[in-house]
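Bear in mind that the values in this text are calculations on the coordinates, not laboratory data. What you are looking at is a predicted structure, and each value in this text was computed from that prediction instead of being measured. When we count neighbours, we look across all protein chains shown, and the Cβ atoms used for this are built from the backbone with ideal geometry, even at glycine.
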Amino acid sequence: MVDIVTGRLLDHSLYEKVCEFVCSQGVHSSETVGRFAQQNACFAAGLDGDTVVGTSLNFSNANTQYLEDKIGTYLSNNGITLSECVSPVGVFVNPDYRDQGLGDKLSVAKSQFSIADGYVYTVLWGYESQAIFDYSTRIGNLIDTGVDDMYGYRIYLRRLTDVVSALSEE
């Protein structure tokens, strides 16, 4: 049985374990995870006993100059501020726990935490591969900003409530 725990990453008792797990996936360094933590990151972690077997992170976009430069005009024309937006860092699941819906449960839990924290949208950007883009956009209900990210993929917004409702149904 995997338990789902959510919280704010910075100063959380699970910080080291979550950081270690994320770093073990070979995508982010501990310094990068630390930067996300400093950006009001929240997390959902799947725990099997005391062992982290999956994580998903969101970080605040309030001080993300790249996004302000890229989609600031779109946001302001639509009455949205970056302070209402979070970005996903990724969903990482131990291979032994894949194909059990854990990634979706983690995404729902972190989205619910972000909603309770006052966020409305998730900004989908910074995809490093087609597979990540496909996973990130599979839920649908995308809001097209008309702008591409640094890798040439489209930057989309999605309401966090759409994440919760779409993944809770599956």
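Placing unit charges on the Cβ atoms only, positive for Lys and Arg and negative for Asp and Glu, gives the chain a dipole magnitude near 260 debye about its Cα centre. For trypsin sites (Lys or Arg not before Pro), the sites in the range 54-108 that DSSP calls loop and that have at most 15 other Cβ atoms within 10 Å are R98.
Computed from Cα atoms, the angle from the helix 15-24 axis to the main principal axis of the chain rounds to 80 degrees. FRET efficiency for the pair A62 and V5, taken as 1/(1 + (r/R0)^6) with r the Cβ-Cβ distance and R0 = 25 Å, rounds to 0.55.
Could you please rank D144, D104, placing first whichever residue has the fewest other Cβ atoms within 10 Å of its Cβ?
Ascending number of Cβ neighbours within 10 Å: D144, D104.
Peptides 22-28, 111-117 ranked from most to least packed give 111-117, 22-28, packing being the mean of other C-beta atoms within 10 angstrom over each peptide's residues. Were the residues from Q38 through R98 laid out at 0.36 nm apart, the gain over their Cα-Cα distance would be 18.7 nm.
Once the Cβ-Cβ distance of T51 and L142 is raised to the sixth power relative to R0 = 30 Å, the FRET efficiency obtained is 0.30. Each 10 Å bin from zero holds the following percent of Cα-Cα pairs in the range 94-161: 19, 46, 32, 4.
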